[in-house]
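Right, one structure below, let's go through it.
The values are calculated or read from the model by the stated rules, or taken from the named source; none is laboratory data. Given the structure is predicted, the values throughout are model-derived calculations rather than measurements. Note that each Cβ is placed from the backbone with ideal geometry, even for glycine, and that neighbours are counted across all protein chains shown.
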Amino acid sequence: MRDQRGMTYLELALVAALLVILAGLAIPYVHHRMQAVKELQLRRALAEMRSAIDRYHDAAQLGEIEPWDLAWNMYPKDLQMLVDGVAVKTAADQPAQKTKFLRKIPVDPTTGLAEWSCRGYNDDKDTRNDSCDDLYDVFSTSSDLSADGSTYYRDW
């Protein structure tokens, strides 16, 4: 009977050790998987905002949106303008209708904040600002490296 109890404790210790080893192997996989999900969410958020900027610009080029400033380059003032909406007049005989190009400002999954850096139409291509005079492009404010290890999220 004593031999059986000794063997049970040994089996319990082996099972516990095996679980620790398996957990140690699973943690890096889960971390990598979570980072991949955040990167996908970031790509989608950037694509959504850039698409909204492009739709606004297309409507402005067609003359459907009135300039909001004398130095207007047919781009929105900021992301909030895309959320709040602007008066869009699709035909001369129709009244202007308020159109929202973006439902809400998305949260950056890498920072957890709905804050983005931007570049204005007349800015240098490497410029990243907290606010822009005319919103041409948006970027993450994160200074973290992506999973590939060679690019930063702020450069996407």
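Structural remarks
- The residue that is farthest from GLU64 (Cα to Cα), counting only those in the range 96-145 that are touching a residue at least 60 places away in the same chain (Cβ under 8 Å) and over 13 Å from the mean Cα position of the chain (by Cα), is ASP133.
- Count of the range 90-120 residues, restricted to those that are modelled with pLDDT of 90 or more, hydroxyl-bearing (Ser, Thr, Tyr) and more than 17 Å from TRP156 (Cα to Cα), is 1.
- A search for C-beta distances below 6 Å between a residue of the range 21-40 that is touching a residue at least 60 places away in the same chain (Cβ under 8 Å) and under 14 Å from LEU145 (Cα atoms) and any residue that is surrounded by 10 or more Cβ atoms within 10 Å (Cβ to Cβ) and among the aliphatic types (A, V, I, L, M), counting only pairs 6+ apart in sequence or on different chains, returns GLN35/ALA147.
- Among the residues of the range 146-155, the ones that are in contact (Cβ under 8 Å) with a residue 12 or more places away in the chain, in a loop (DSSP other than H, G, I, E, B) and either at positive phi or touching a Phe, Trp or Tyr at 6+ places or on another chain (Cβ under 7 Å) (or both) come to 1 in all.
- ASN122 being surrounded by fewer than 18 Cβ atoms within 10 Å (Cβ to Cβ) and either in contact with a Gly (Cβ under 9 Å, 6 or more places away or on another chain) or in a strand (DSSP E or B) (or both): no
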